[in-house]
Amino acid sequence: LETLQERRIALVQKVTGKGGQSKSYFQSIAESLGYEVEIDEFRPFICGISHCGDILNGGHDVRYNWRVRVIGPRLTYFRAGLSRCGERLMSIRAAEDLECVLNRLKPAHTNLIFAYEGD
């Protein structure tokens, strides 16, 4: 179960969110949910456009893949007035809620890859 504070944050994000498809939009969603993320977009190596030393990511289908690197777990601290009696003083969560939200909001023709990195 999520804490009351986490559910309020998710509700506010859902009600006030305007939508988008940019990296900054998805990063702001992750930040509002309490995660630090980096987003990588892939593109194929194309002769005449790419340069020596660029990464060989694969064929043209790689354009439809993007990766969200989650830096560490989310920490939610108990806050007077925001949390309720009986909740833990701190909870540590994996990014299951982030995966659910981003998979629901991502463009339908893309593949979303999650990578987790600890501190």
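Being loosely packed, with under 15 Cβ neighbours inside 10 Å and within 11 Å of the chain's Cα centre (by Cα) narrows it down to one residue among Ile55, Ile71; which is it? Talk me through it step by step, then tell me what you get.
On the way: Ile55 fails: within 11 Å of the chain's Cα centre (by Cα).
Of the residues listed, the single one that is loosely packed, with under 15 Cβ neighbours inside 10 Å and within 11 Å of the chain's Cα centre (by Cα) is Ile71.
Take region 14-40 and flag every residue that is touching a strand residue (DSSP E or B) at 6+ places or on another chain (Cβ under 6 Å), assigned to a loop (DSSP other than H, G, I, E, B) and open to solvent by less than 50 Å² (accessible area, probe 1.4 Å).
Passing the criteria: Gly34, Tyr35.
Tell me which residues, restricted to region 82-114, are in a strand (DSSP E or B), at pLDDT 90 or above and among the hydrophobic types (A, V, I, L, M, F, W, C). First the steps, then the outcome.
Taking region 82-114 and keeping what is in a strand (DSSP E or B), we get 90-93, 111-114.
Among the residues that remain, those that are also at pLDDT 90 or above are: 111-114.
Passing the criteria: Leu112, Ile113, Phe114.
Name the one entry in Arg43, Arg79 that is assigned to a loop (DSSP other than H, G, I, E, B) and either in contact (Cβ under 8 Å) with a residue 24 or more places away in the chain or open to solvent by less than 60 Å² (accessible area, probe 1.4 Å) (or both). Break it down into steps so the answer makes sense when it comes.
Details: Arg43 fails: either in contact (Cβ under 8 Å) with a residue 24 or more places away in the chain or open to solvent by less than 60 Å² (accessible area, probe 1.4 Å) (or both).
Being assigned to a loop (DSSP other than H, G, I, E, B) and either in contact (Cβ under 8 Å) with a residue 24 or more places away in the chain or open to solvent by less than 60 Å² (accessible area, probe 1.4 Å) (or both) holds for just one of Arg43, Arg79, which is Arg79.
The values are calculated or read from the model by the stated rules, or taken from the named source; none is laboratory data. These numbers come from a predicted model, not from an experiment. Positions of Cβ are generated from backbone atoms using ideal geometry, with glycine treated the same way; all protein chains shown enter the neighbour counts. Areas reflect the complete protein model, heavy atoms only, side chains present, ligands, DNA and RNA absent. Shrake-Rupley method; radii C 1.70, N 1.55, O 1.52, S 1.80 Å.
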